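Read through the structure below, which is laid out as C-alpha cells, and then see the notes.
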Amino acid sequence: MYNYNMEELYEMTVEALRKNGVEIRDIAEIVYDLQKVYGELTMEVCEENVRAVLKKRETVHAILTAIGIDEMVEKGLFPEPIQSIIKEDEGLYGIDEILGLSIVNIYGSIGLTNFGYLDKQKMGIIDRLDKMKGKKVTTFIDDIVAAIAAAAASRYAHQNVAKDPASVEGLVR
Ligand code: MG
C-alpha cells in the first residue's frame, strides 16, 4: 500500500540527500554558477528553484531510486555482474545518466543542455561526490544531483524568459 503523501516524500528526499552529504544549498550553488551570467540572481532564488524541482513526484522517485541503488551496491547486495559494474562506475555504464534524464526531461531542452554541461564540468558538490569514488558508491547520486541542478537552472531560465522574451538567446550554455 502507498502510504506517503507528497509533503512526506519531499521531507524524506531532502533527508536522504543530506545523509549522503548533499544539502539544498550545495545544489543551489551550481544553479547560481550556471545562471549568474544571465542577470541578477541570488542564492535565495536558486534555492527556491531547487526546492520547486524537489517537490515534483517524478524528481522524488528518481532521487530515491538513485540513492537506493547506490546504498544497495555499497552493501554488496546486487547480483553480479551488475554489482561490480555499478560499484566501479564503469565508463560505458549509462543508466545513472538515464535516471537523471527523467528529472531533466520535465524542464525541456535548456535542462538537457545544462545536464550535458555538468556531466563534463563536474562543478562543486558534483565534483566532491565524484572524488569519493573508491571509498563510497556515488555512481547514481552524482548524476542525480547534476540533474536536479540542471532542472532548477532551466526552471529559473524559463521564468526569466517569460519576463523578458528577448533574453532567450543567452539562456543556453
Ligand atoms: Mg554517475
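Observations on the structure shown:
- Square roots of 5 times each gyration tensor eigenvalue, C-alpha, the range 6-171, largest first, Å: 28, 16, 14
- Ligands, DNA and RNA are left out, and with a 1.4 angstrom probe the accessible area of the chain is 52 Å² per residue.
- Residues of type lysines that Lys56 reaches as a straight line, Cα spacing below 28 Å, ignoring anything fewer than 8 places off in the same chain: Lys19, Lys36, Lys120, Lys122, Lys136, Lys163
- Theoretical FRET efficiency, 1/(1+(r/R0)^6), r = Cβ-Cβ of Asn5 and Tyr93, R0 25 Å, to 0.05: 0.15
- For the range 136-145, backbone phi angles converted through the Karplus equation (6.51, -1.76, 1.60; θ = phi - 60°) give residue-by-residue couplings of 9, 7, 10, 4, 8, 5, 5, 6, 6, 5 Hz, Gly and Pro being listed as x.
- When only Cα pairs below 8 angstrom with a gap of at least 6 residues are kept, the chain shows a relative contact order of 30 percent.
- Listed peptides 145-154, 75-84, 92-101 by packing density, highest first (mean Cβ within 10 Å): 145-154, 92-101, 75-84
- Cut-off under 5 Å, modelled amide H: who pairs with Met123 long-range: none
- Per-atom-type breakdown for the chain gives carbon and sulfur 56% of the accessible area (1.4 Å probe, protein chains only).
- Projecting label points 7 angstrom from Cα along Cα→Cβ for Lys135 and Asn105 puts them 3.5 nm apart.
The values are calculated or read from the model by the stated rules, or taken from the named source; none is laboratory data. As the structure is a computational prediction, the values presented were derived from the model and not from experiment. Cβ sites come from the backbone with ideal geometry, for glycine too, and all protein chains shown count toward neighbours. With ligands, DNA and RNA removed, areas are computed over all heavy atoms of the protein, side chains included. Shrake-Rupley method; radii C 1.70, N 1.55, O 1.52, S 1.80 Å.
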